[in-house]
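Have a look at the structure below, then the notes.
Derivation of every value follows stated rules applied to the coordinates shown; laboratory data play no part. Keep in mind it's a predicted model, so treat the numbers as computed, not measured. Neighbour counts run over all protein chains shown; Cβ positions are idealised from the backbone, glycine included.
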Amino acid sequence: MDVKETYKRRFSTETSFRNAMWSLLCREYFQNWISEDARILEIAAGYCEFINHIKAGKKIALDINPDVQQYANPDVEVILSESENITMLSDDSIDVVFVSNFFEHITKTAITRTLKEIFRILTPKGRLIILQPNIRFCLKDYWMFFDHITPIDDRALVEILELTKFQMVKVIPRFLPYSTKSSLPKSLQLIKYYLKLPILWRFFGQQALIVCDKN
């Protein structure tokens, strides 16, 4: 499957909104989990909406799609590689790894190998942040994308994380809505209100947020 053409078809009409949305998400929520001097790696960075907007001391974007080089800001180092093979990064060299909407695209074996690689490169006090479609709450639309191959819920993800020796810090089974292609209105102001009202997450959240530490 051509990753470049797939994502161009899927997101090309939403680029401006997605950039603004991720700028808001980083500023209003994710930055709270990440020190501004951290060395951070985003796995499956895609169009770099997260890595471009998060504040960090060193920023690295990893993806197999060559378009990542086109979208990464000048302060973002780009690595073209699969997530199971990040041997170019040394042990204990990264403070934070961020993974969003990725594990559903690869096999369980690949997920396990990726998590082991993440564990290896994280510093002893390193942190992993995962935003993941939760099939418990988005089953109806989970298969709307042809390249989804692995169904995952928050409980299964916690299990493999703990088997990989990660320590859970925060597990939110219902956090963000499933996709920007949902019927919810595309409003940055509404997203800002949504983030400040966790009671709404119980009704609209279809993606899990998991924060875990190496030690």
Query raised in the report: Which pairs in the list Lys125/Lys170; Lys58/Lys140; Lys170/Lys192; Lys58/Lys165; Lys170/Lys196; Lys59/Lys214 are over 27 Å apart, alpha-carbon to alpha-carbon?
Result: Lys58/Lys140
Query raised in the report: Given Val97, Met168, Tyr194, which one lies farthest toward the positive end of the charge dipole of the chain, if we put +1 on the Cβ of every Lys and Arg and -1 on the Cβ of every Asp and Glu?
Result: Tyr194
Report task. Work from the charge dipole of the chain (Cβ charges, +1 for Lys and Arg, -1 for Asp and Glu, about the Cα centre) and give the residue of Phe204, Gly57, Ile43 farthest towards its positive end. Result -> Phe204
Query - Percent RCO, i.e. relative contact order, over the range 36-187, from Cα pairs under 8 Å lying at least 6 residues apart - result: 19 percent
Report summary line: Computed for the range 3-213: size of charge dipole around the Cα centre, +1 on C-beta of each Lys and Arg, -1 on C-beta of each Asp and Glu, debye to nearest 20, value 700 debye
**Report entry** Karplus-derived HN-Hα couplings along the range 26-37 (A = 6.51, B = -1.76, C = 1.60, θ = phi - 60°), whole Hz, x at Gly and Pro
**Finding:** 5, 5, 8, 9, 5, 4, 4, 9, 10, 5, 6, 10
Query raised in the report: Taking square-rooted eigenvalues a ≥ b ≥ c of the alpha carbon gyration tensor, is the range 48-174 rounded, prolate or oblate, where a/c under 1.5 means rounded and, failing that, a/b exceeding b/c means prolate?
Result: oblate
Query raised in the report: Can you list residues whose amide H is under 5 Å from Val169's amide H, if they're 5+ apart or on another chain and H is modeled 1.01 Å from N?
Result: Val211, Cys212, Asp213
Report summary line: By the C-alpha gyration tensor axes a ≥ b ≥ c (rounded if a/c is under 1.5, else prolate when a/b exceeds b/c, else oblate), the shape of the chain is rounded
Query raised in the report: So, with +1 on the Cβ of K and R and -1 on the Cβ of D and E, and no other charges, what is the size of the charge dipole of the range 106-157 about its Cα centre, to the nearest 20 debye?
Result: 300 debye
Report summary line: Amide H contacts under 5 Å for Ser81, restricted to residues at least 5 apart in sequence or on another chain and with H modeled in the peptide plane, are Asp63, Ile64
Report summary line: Under 5 Å from the placed amide H of Val97, counting only residues 5+ away or on other chains, we find Leu41, Arg127, Leu128, Ile129
